[in-house]
Amino acid sequence: MSKRSTVVNAPARAVGEPGAAAVARPGWTVTASFPSRRMRRLRRSPAIRRLVAETRLSVDDLVAPLFVREDASDPVPVGTLPGVVQHTVRSAVEEASRLQSLGVPAVLLFGVPKHKDAVGSGAWDPDGVVQVALDSMRQRLGDSLVLMADLCLDEYTDHGHCGLLDGSGSVRNDATLDRYAQVALAQANAGADVVAPSGMMDGQVGHLRAALEEAGQHDVAILAYSAKYASALYGPFRDAANVRIAGGGDRRSYQQDPANATEALEEVRLDLAEGADMIMVKPALAYLDVLSAVRAAVDVPVAAYHVSGEYAMVKAAGERGWIDADAVMAEHLIGMKRAGADMICTYAAGDVAEMLNG
Ligand code: PBG
């Protein structure tokens with residue numbers, strides 16, 4: 001009789017099944033031990049490690065965020081996000097085309113408008129910078145690249161909040177929803193395949209779905225930033241998007257408390273019930289438990305947002321020679337895949353695509 005390891009009571013769940021790597025399997029008894037069982041056998045060569053890898057990072061997983069700035073005549077580097085620029089419409093289209101030829105399936109657009117006002121009207125202006133960029137990308141690239149648009153008001157409001165304010169400076173939920181619907185229609189009319197509401201207003205997904213259906217935009221999908229935390233890791237993004245919250249305020253009255261994970265599942269359930277097509281968890285690394293729980297709970301695609309602060313920390317330490325930034329970036333991204341992400345929004349998308357393409 002063979003002395004090889006035997007596994008009894010193995011449940012039917014396949015190793016490749018979504019979320020399988022992240023859940024414990026009760027009832028497994030492994031009978032073999034050293035020396036018949038040597039884990040290092042399957043680690044001996046690059047080829048065998050490749051053969052047994054449980055998770056892979058692919059160009060197909062990547063979504064590249066792009067900032068498009070209305071008053072720029074040349075791309076403007078973002079000091080706190082090395083390698084990231086505020087694009088002109090023209091350079092954004094060039095970059096989208098480059099990403100498409102690298103095999104990156106999607107971009108996620110953010111606008112940096114020339115003028116801001118109290119209600120963020122630039123967000124739904126048909127000639128607003130994101131709408132112009134969407135239209136140009138669609139004309140240049142057809143359906144070869146998925147065009148996603150972040151849907152929020154904070155880049156467009158003079159107070160920097162994600163919604164309209166009442167007299168005391170609180171963000172008004174329901175009044176904001178109508179503005180979001182206007183933004184969704186403007187983005188859809190300009191050619192967005194996916195709108196990605198990131199404002200964390202209650203009821204936003206259902207409100208957008210209804211507005212899109214009513215306008216005949218049945219095919220525009222919603223990627224819901226369902227579990228979006230009030231994180232200090234968004235700092236460099238706010239430089240890139242020229243966002244300052246009035247009076248040194250924060251978003252804790254609408255974004256989630258980092259202490260809570262169960263609450264994220266309720267957010268996800270509500271967004272799915274309201275018609276979300278895909279779900280996002282954001283940020284990624286400090287919330288891998290949330291990502292893993294969401295992956296196990298839902299049957300729709302799950303995205304992780306590898307946010308600006310996560311990217312910037314790796315770049316900064318790499319510049320100092322303290323870490324190998326490319327290797328750490330790759331390790332972080334595979335960690336997100338292992339936790340259950342089907343796709344990752346990352347500022348490293350272009351570099352990683354080049355690396356993966358060899
Ligand atoms: C809001 C929005 C933010 C990010 C994406 N969408 C900022 C915020 O909530 O303050 C952050 C992304 C990042 O840090 O990379 N429109």
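The values are calculated or read from the model by the stated rules, or taken from the named source; none is laboratory data. Everything quoted here is computed from the prediction, not taken from an experiment. Methodologically, a virtual Cβ is constructed for each residue, glycine included, from the backbone with ideal geometry; neighbour enumeration extends over all protein chains shown.
If you check Tyr234 against the conditions, is it at pLDDT 95 or above, under 24 Å from Arg69 (Cα atoms) and either near the ligand (Cβ under 8 Å from one of its atoms) or of a type outside the set (D, E, K, R) (or both)?
yes
Any chance you could count how many residues in the range 94-125 are in a loop (DSSP other than H, G, I, E, B) and among the small types (Gly, Ala, Ser)?
Total satisfying the criteria: 3.
Which condition does Met336 not pass, out of (1) over 28 Å from Glu70 (Cα atoms); (2) among the aliphatic types (A, V, I, L, M); (3) surrounded by fewer than 17 Cβ atoms within 10 Å (Cβ to Cβ), if it passes all the others?
Answer for Met336: the failing condition is (3).
Run down Gly216, Gly199 and say which single residue is of a type in the set (Gly, Ala, Ser), in contact with a Cys (Cβ under 6 Å, 6 or more places away or on another chain) and under 25 Å from Asp277 (Cβ atoms).
Gly199
Does the range 252-265 contain at least one residue that is closer than 16 Å to Ser198 by Cβ, touching a strand residue (DSSP E or B) at 6+ places or on another chain (Cβ under 6 Å) and more than 14 Å from the ligand (Cβ to nearest atom)?
yes
Can you name the condition, by its number, that Ala303 falls short on among (1) modelled with pLDDT of 95 or more; (2) over 21 Å from Leu208 (Cβ atoms); (3) within 16 Å of the ligand (Cβ to nearest atom)?
The number of the failed condition is (2).
If you scan the range 188-205, which residues turn out to be assigned to a helix (DSSP H, G or I) and either within 20 Å of the chain's Cα centre (by Cα) or buried (at least 19 other Cβ atoms within 10 Å of the Cβ) (or both)?
Correct list: Ala188, Ala190, Gln204, Val205.
Which members of the range 148-176 meet the condition of being of a type in the set (A, V, I, L, M) and either in contact with a Cys (Cβ under 8 Å, 6 or more places away or on another chain) or surrounded by 24 or more Cβ atoms within 10 Å (Cβ to Cβ) (or both)?
If the condition is that a residue be of a type in the set (A, V, I, L, M) and either in contact with a Cys (Cβ under 8 Å, 6 or more places away or on another chain) or surrounded by 24 or more Cβ atoms within 10 Å (Cβ to Cβ) (or both), then Met148, Ala149, Leu151, Leu153, Val171 are the ones that fit.
Of everything in the range 1-53, what is at pLDDT 50 or above, in contact with a strand residue (DSSP E or B) (Cβ under 8 Å, 6 or more places away or on another chain) and of a type outside the set (D, E, K, R)? Give them in sequence order.
Those that are at pLDDT 50 or above, in contact with a strand residue (DSSP E or B) (Cβ under 8 Å, 6 or more places away or on another chain) and of a type outside the set (D, E, K, R): Trp28, Thr29, Val30, Thr31.
So, Tyr311, is that one surrounded by 20 or more Cβ atoms within 10 Å (Cβ to Cβ), in a strand (DSSP E or B) and either within 13 Å of the ligand (Cβ to nearest atom) or among the small types (Gly, Ala, Ser) (or both) or not?
The answer is no for Tyr311.
Which of the following residues is touching a residue at least 12 places away in the same chain (Cβ under 8 Å), in contact with a Gly (Cβ under 9 Å, 6 or more places away or on another chain) and assigned to a loop (DSSP other than H, G, I, E, B): Tyr254, Tyr234?
So the residue among Tyr254, Tyr234 that is touching a residue at least 12 places away in the same chain (Cβ under 8 Å), in contact with a Gly (Cβ under 9 Å, 6 or more places away or on another chain) and assigned to a loop (DSSP other than H, G, I, E, B) is Tyr254.
Report every pair of residues separated by at least 6 positions or lying on different chains whose Cβ atoms are under 6 Å apart, first residue within the range 102-115 and within 22 Å of Gln131 (Cβ to Cβ), second more than 11 Å from the ligand (Cβ to nearest atom) and among the basic types (Lys, Arg).
Qualifying pairs under 6 Å: Val112/Arg69.
Just to be sure, is Leu147 in contact (Cβ under 8 Å) with a residue 12 or more places away in the chain, away from the ligand (no atom under 13 Å from the Cβ), in a helix (DSSP H, G or I) and of a type in the set (A, V, I, L, M)?
In short, no.
What do you reckon, is Val130 within 16 Å of the ligand (Cβ to nearest atom), in a helix (DSSP H, G or I) and of a type in the set (A, V, I, L, M)?
yes
State which residue is nearest to the ligand (Cβ to nearest atom) when the search covers only the range 156-203 and only residues that are in contact (Cβ under 8 Å) with a residue 40 or more places away in the chain and among the hydroxyl-bearing types (Ser, Thr, Tyr).
Out of the qualifying residues, it is Ser198.
Kindly establish whether Arg98 is farther than 22 Å from Met329 by Cβ and at pLDDT 95 or above.
no
Could you tell me whether the range 280-298 includes any residue that is over 18 Å from the mean Cα position of the chain (by Cα), among the hydroxyl-bearing types (Ser, Thr, Tyr) and assigned to a helix (DSSP H, G or I)?
Within the range 280-298, none of the residues are over 18 Å from the mean Cα position of the chain (by Cα), among the hydroxyl-bearing types (Ser, Thr, Tyr) and assigned to a helix (DSSP H, G or I).
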